[in-house]
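**Q** Could you have a look at this structure, given as structure tokens, before my questions?
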Amino acid sequence: MTNLETLRIHLSTLGRVLLGYSGGVDSSVLAVVGRQVLGTDRFLAVTGRSASYPAVQADAALALAERFDIPFLQVGTRELEDPRYLSNSTDRCYYCKSELWTRLQQIALERGFDTVIDGTNADDIGEHRPGMPAAAERQVRSPLVELAWTKQDVRAAALELGLPTWNAPAAPCLSSRVLYGLEITPERLRQVEQGEAYLRSLGVQGDLRVRHHGGRARLEVSPSQMDRLRRDWDTITTVFADLGFAAVELDPQGYRRGGLLALAPRPSH
């Protein structure tokens, strides 16, 4: 039995299913397979929208839903009204996901859905992911974890399904680019989003982060993309100055997951 066949059987046991849908490859696989297995009456993909969610990803999520005839709903989330979230401690994601899953559980209850699921995969276990306890507290299921799917398994399934995002780089929320301890504001999120969009317009491919260090932007790209940035560096510095950054620098280590965690303030005892 193939992985996709196993996933189809697994999803068919969950009743009416509501998916927390980001448009990333993990939730996209669940969205497409969920629609195939459960139909339009027993499945719904829901995206939470706020200033922390990149517009380009929202557009991609909607486009995929339309292409595969996936029942789709967008709801506003209010994590930017929570001072605990805005303070940007290392457990920021807990408050964001608490807001998201509370709203999705309300929708599930109102519309008669039996199970709420997310796109967490087996490789996510053990990483710094404060949002996972928030999901567990609200009985959110993670089918990819339950089936022990790795990210490689997810991408292989996405390719088999014909998803255009099968090899797309990870795209967590914009707040993940802001230095821990530096307050999350809509303006800082806008700076990050527009900075990354500009670098993409230059042809930067693969993983990309504009890390917000207050007055300074630090750019992380894969090593193969660094020369591309160096060639356009004068223009890049001008554009980032226009965005409100006093300085911009290229991180010589390149992109790495959780690059800001090592710089986070340590709790005092």
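**Q** Is it the case, given these coordinates, that residue 51 is at pLDDT below 95, of a type in the set (A, V, I, L, M) and surrounded by fewer than 19 Cβ atoms within 10 Å (Cβ to Cβ)?
**A** no
**Q** In the list 119, 48, which residue meets the criterion of being within 19 Å of residue 164 (Cα to Cα) and in contact with a helix residue (DSSP H, G or I) (Cβ under 9 Å, 6 or more places away or on another chain)?
**A** Among 119, 48, only 119 is within 19 Å of residue 164 (Cα to Cα) and in contact with a helix residue (DSSP H, G or I) (Cβ under 9 Å, 6 or more places away or on another chain).
**Q** Working only within segment 98-148, note down all residues that are in contact (Cβ under 8 Å) with a residue 40 or more places away in the chain, part of a loop (DSSP other than H, G, I, E, B), surrounded by 20 or more Cβ atoms within 10 Å (Cβ to Cβ) and in contact with a strand residue (DSSP E or B) (Cβ under 9 Å, 6 or more places away or on another chain).
**A** Passing the criteria: 113, 118, 119, 140.
**Q** Here is a further query. Name the helices (runs of 4 or more DSSP H) wholly within segment 25-97 that hold at least 2 residues that are of a type in the set (Val, Ile, Thr)?
**A** In segment 25-97, the matching helices (runs of 4 or more DSSP H) lie at 25-38.
**Q** Something else about it: So which pairs qualify, if the first residue must be in segment 235-255 and exposed (fewer than 14 other Cβ atoms within 10 Å of the Cβ), the second must be β-branched (Val, Ile, Thr), the Cβ gap must be under 9 Å, and the two must be at least 6 apart or on different chains?
**A** Close Cβ pairs (under 9 Å, with a partner that is β-branched (Val, Ile, Thr)) amount to 241/248; 247/237.
**Q** List pairs: first in segment 199-223 and under 14 Å from residue 249 (Cβ atoms), second of a type in the set (Phe, Trp, Tyr) and assigned to a loop (DSSP other than H, G, I, E, B), Cβ under 7 Å, 6+ apart or cross-chain?
**A** 209/255; 215/245; 216/245; 217/245; 220/255; 221/255
**Q** Sort out which residues of segment 154-177 are among the hydroxyl-bearing types (Ser, Thr, Tyr) and not in a helix (DSSP H, G or I), and write them in order of number.
**A** 165
**Q** Working carefully through the options 182, 202, find the one that is in contact with an Asp or Glu (Cβ under 8 Å, 6 or more places away or on another chain) and surrounded by fewer than 17 Cβ atoms within 10 Å (Cβ to Cβ).
**A** Exactly one of 182, 202 is in contact with an Asp or Glu (Cβ under 8 Å, 6 or more places away or on another chain) and surrounded by fewer than 17 Cβ atoms within 10 Å (Cβ to Cβ), namely 202.
**Q** Can you tell me which of 234, 207, 242 is modelled with pLDDT under 95 and among the acidic types (Asp, Glu)?
**A** None of the others qualify; the one that does is 207.
**Q** Within the group 92, 155, which residue is surrounded by 14 or more Cβ atoms within 10 Å (Cβ to Cβ), under 16 Å from residue 32 (Cβ atoms) and among the basic types (Lys, Arg)?
**A** Step by step, each of 92, 155 is checked, and only 155 is surrounded by 14 or more Cβ atoms within 10 Å (Cβ to Cβ), under 16 Å from residue 32 (Cβ atoms) and among the basic types (Lys, Arg).
**Q** Report, by residue number, each residue of segment 8-35 that is in contact with a helix residue (DSSP H, G or I) (Cβ under 8 Å, 6 or more places away or on another chain), without any contact (Cβ under 8 Å) to a residue 60 or more places away in the chain and over 23 Å from residue 109 (Cβ atoms).
**A** 8
The values are calculated or read from the model by the stated rules, or taken from the named source; none is laboratory data. Only a predicted model underlies this, so the values are computations on that prediction, with no experimental measurement involved. Cβ sites come from the backbone with ideal geometry, for glycine too, and all protein chains shown count toward neighbours.
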